[in-house]
Amino acid sequence: MRAHILTGLGAAIAVAGCIPVQIQAPDEPIEINLNVNIRQEVIVRLERDAEELLENNEGLFGPGGR
Amino acid sequence: MKRNIAIASALAALAAAIAFSMPAAAQDAALNQARSQGLIGEQADGYLGFVPGASINADLRGRVEQNNIQRRALYTRRAAERGVSVNEMAAAVACQVFERPQIAVGERYRNEGGQWRQRTASAPVEVPSFCG
């Protein structure tokens, strides 16, 4: 009985192995997240600096819109 | 001779007046137009990017690249002063850009995951997770 189950299982695996697997390409290109090394506590510490850079270089960052 | 000197000094004064009246980096009308047309947008990495499928002419490409070079110079200098990586300084600025937001309604932006989104009046800008 046990042998039958195992044989059946083996057959199932063998059959499954032969079924071509269709892999659908995603619509959007796969993006690698480059921000893995960003430390959140560093970002928080840099808040004032970031604000200052934005305010002193308005031409580089566009008019924005609130 | 005297007249030439007078003209030269007048020109020098005019040049100085123009130089002092201009902000450090004047608004680039071509870049701002491209933003509102959805050709380019702010990215979560702190730089400008090209929206996929947009037709970008050589002039615009050059302006974006120059803008990014200037940003990188700013980030690099401040990062060195603070003992952080350039990417972290850039990300901190991106957080400000996304939180304020420095992205107008209708403009496109690239979120942390790399997907391009359009800011709408109803939906808030997707602020990167590292902003805290």
Simple spin-label estimate for B:A30 and B:V105 in nanometres, 7 Å along Cα-Cβ: 3.0 nm
So how strong a dipole does region B:27-131 carry about its Cα centre when Lys and Arg Cβ are +1 and Asp and Glu Cβ are -1, to the nearest 20 debye? 100 debye
Can you work out ³J(HN,Hα) from phi for every residue in region B:114-119, in order, using Karplus 6.51 cos²θ - 1.76 cosθ + 1.60 and θ = phi - 60°, giving whole Hz and x for Gly and Pro? x, 8, 8, 10, 10, 6
Fewest to most neighbouring Cβ within 10 Å: what's the order for B:T76, B:T120? B:T120, B:T76
So who's got an amide H within less than 5 Å of the one on B:E107, skipping anything under 5 residues away but keeping other chains? H placed 1.01 Å off N, in plane. B:R119
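We did not get these values from a lab; they are worked out from the coordinates using the rules stated. Small disclaimer: the values here were computed from a predicted structure and weren't measured. Neighbour counts run over all protein chains shown; Cβ positions are idealised from the backbone, glycine included.
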